[in-house]
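The values are calculated or read from the model by the stated rules, or taken from the named source; none is laboratory data. Predicted, not measured: the structure shown is a model, and the values here were computed from it. Note that each Cβ is placed from the backbone with ideal geometry, even for glycine, and that neighbours are counted across all protein chains shown.
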Amino acid sequence: MEKIRIAKVVLPIVLLGILLVYPLVETSQYYQHIMVMTLMAAVMASSWNIIGGYAGYTSLGHAAFFGLGGYLVAWTHNEYGWHPFVSTWFLALVVAGVALAVGWIALRTQGSAFVVVTIAVIFIFRLLALNLSAITNGAQGLTQPRPGWGGVQWSPELMKVPFHYIMLLLLCLTIYSSWRIRQSKFGMGLIAIREDEGKAEAVGIDTMLYKVLAFGISAYFIGVAGGIYSYFFTYIDPGFVFDIFVSVTMVLIAILGGRGTLWGPVLGAFIMQPLANWVVSEFGGTQIHLTVFGGILLFVMLFMPQGILPALNEFLMRWNSKTRSASAN
Amino acid sequence: MLITENITKSFGGIKAVDACSIEVKQGSITGLIGPNGSGKTTLFNIITGFYQPDAGSIHFNQQPIQGLKPSRICHKGIGRTFQITRLFWKMTVLENLIVPVKQIGWRTLLSQGVKKHEEEHAMELLDWVGLSQYRDTEVRKLSFGQQKLIELIAVLMSDPELILLDEPAGGVNPVMIEKMMEMVEDLNRQGKTFLLVEHNMRLVMELCQHIIVLDHGQKIAEGIPSEVQQNPLVLEAYLGSTQNVNAGA
């Protein structure tokens, strides 16, 4: 038990250390690119986990907040010259505000009805992005200037590095918030909602307030990620971001690693994102990585239905008690 | 303390509760009895905000509470248990006791999930019912009777003035029923008011100072246990005969 507790402190520090030096050691732009995408996937899955994992509400609509963050950043960058690395943090508050309103309506439904309502949210946002062409440039999407700071463009060799660090910062903030929520009365209430919403309400938990807040918070970090993403690619279009696949990816990553756990979504991202990139580079830009994705998920669902991290935890506990009873004998 | 006036609730064409007016006096143990389908649990659900009444009013400590959400009603000081035990099954016993919240505020939301004084209070209650050794056990692993006890003491964590018990003895063995009766009497002496729905007549007759009888959603009688036992309407609707009641006792 003691070893597990130490590992829970040491492993995150080691991981942070590796991620801090990664772009200095690994200079290949390809691998730097994969790492930025992995960090982003970890942010999105961890953030989704606040509503989807803790409260148990499987939202497939969070791509809408990713896209909204991306569009707001791209538009304000082009229109007012707001630098995305600064503006995305504030504009994501607008995203969270929109999510609060959406959540206030959508969270009146439960189970499969909730899933369907959240999918509808993506279609609404996609329609808006396609039709509000004065702001979004319609189907053609928005292009941003090449990344830089203070009028100086970053050189192509070093361009990924700032994105690595800002995404790492975002991941740290997301995990910290998720941890803080999990430790608080709020987090405890969310888990109670997941277990039995009616009972939670009966013991004094304002379930609607809790759910809507969790929905808004989970949209915030995804909105920030969307803003950074649109700058990273310097291009955003409706079909690319307001896509159910974006939502499905974060949900599957969270389920793979361990839905409702703090580190599960991070673990899931670090497995899935590099693997998906590797499959694409090996087998070309077909959709074959989706097949691999599905296969892995099937395996996890069959043998580790709670996800990898809870299964690992259970295994360690069992092993621990076995060795303890063996030594007692 | 609690007054309902002309509460009516229909589901489709069926009137589950029909112009029902009851009063629960402060410091009392009031029994709510009636045959199956007489509207007892529906009335419970209306009082605690799970159902909205079609008509009528509910006052708790002179304040109207109809239309409030269940969580707000809980904050006003009404706690409840359920007919079929409801707990947070995958949470530990201790967590089940810590989850209830007395009020909602930003400070409450962000505060530490398990506070020291809450843990101490929870442990006192667990000691009281003799289940403190299960504090870190998932509640689904306990026996049915133990789960019923946990549900009751979890209600106490938010320190309600009025506690609504929905069939506390349902499916519980006689030893545990004795224990539960003692607990209710103890708590009543400490000032808690109870309204309980129960089919176990011995428990109702021994425990309750006042009994209200429902049939087809309407109140057909009320009074002290001995009066209710003799009431012909009650005998006809529910108790069958006095002999049966005495035999049951």
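Of the conditions (1) farther than 30 Å from A:Leu142 by Cα; (2) surrounded by fewer than 20 Cβ atoms within 10 Å (Cβ to Cβ), A:Phe245 satisfies every one except a single condition; which number is it?
Of (1) farther than 30 Å from A:Leu142 by Cα; (2) surrounded by fewer than 20 Cβ atoms within 10 Å (Cβ to Cβ), only one is false for A:Phe245: (1).
One line per residue, one yes/no per condition, for (1) surrounded by fewer than 16 Cβ atoms within 10 Å (Cβ to Cβ); (2) in contact with an Asp or Glu (Cβ under 6 Å, 6 or more places away or on another chain); (3) in a loop (DSSP other than H, G, I, E, B):
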site: A:Ala254; (1), (2), (3): no, no, no
site: A:Leu298; (1), (2), (3): yes, no, no
site: A:Met301; (1), (2), (3): yes, no, no
site: A:Gln306; (1), (2), (3): no, no, yes
site: A:Pro310; (1), (2), (3): no, no, no
site: A:Lys322; (1), (2), (3): yes, no, no
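Scan (1) under 23 Å from A:Leu128 (Cα atoms); (2) modelled with pLDDT of 95 or more for the single condition A:Gly239 breaks and write down its number.
Of (1) under 23 Å from A:Leu128 (Cα atoms); (2) modelled with pLDDT of 95 or more, only one is false for A:Gly239: (2).
Is there a residue being within 14 Å of chain B (Cβ to nearest Cβ) and touching a residue at least 24 places away in the same chain (Cβ under 8 Å) anywhere in region A:227-234?
No; the residues of region A:227-234 include none that is within 14 Å of chain B (Cβ to nearest Cβ) and touching a residue at least 24 places away in the same chain (Cβ under 8 Å).
Conditions first: (1) more than 14 Å from chain B (Cβ to nearest Cβ); (2) free of Cβ contacts under 8 Å to residues at least 24 places away in the same chain. A:Ile166 passes all but one, so which condition is the exception?
(2)
Run down A:Ser87, A:Ser112 and say which single residue is among the polar types (S, T, N, Q) and without any contact (Cβ under 8 Å) to a residue 12 or more places away in the chain.
Criteria check complete, one pass: A:Ser112.
Within region A:117-159, track down each residue that is in a loop (DSSP other than H, G, I, E, B) and within 30 Å of A:Val102 (Cα to Cα).
The answer is A:Leu132, A:Asn137, A:Gly141, A:Gln144.
Against the condition under 16 Å from B:Thr92 (Cβ atoms) and either without any contact (Cβ under 8 Å) to a residue 40 or more places away in the chain or touching a Gly at 6+ places or on another chain (Cβ under 8 Å) (or both), how does B:Ser158 come out, does it pass?
no
Looking at A:Ala200, is it within 14 Å of chain B (Cβ to nearest Cβ), over 17 Å from A:Val95 (Cβ atoms), free of Cβ contacts under 8 Å to residues at least 60 places away in the same chain and in contact with a Phe, Trp or Tyr (Cβ under 6 Å, 6 or more places away or on another chain)?
Judged against the criteria, A:Ala200 is not a match.
Hey, among B:Val172, B:Val184, B:Val213, B:Val139, which residue is surrounded by 13 or more Cβ atoms within 10 Å (Cβ to Cβ) and at pLDDT below 90?
Criteria check complete, one pass: B:Val172.
Name every residue in region B:14-40 that is of a type outside the set (S, T, N, Q), surrounded by 17 or more Cβ atoms within 10 Å (Cβ to Cβ) and in a loop (DSSP other than H, G, I, E, B), in order of residue number.
Result: B:Gly34, B:Gly39.
Any idea how many residues of region B:86-138 are β-branched (Val, Ile, Thr) and within 11 Å of another protein chain (Cβ to nearest Cβ)?
The total comes to 6.
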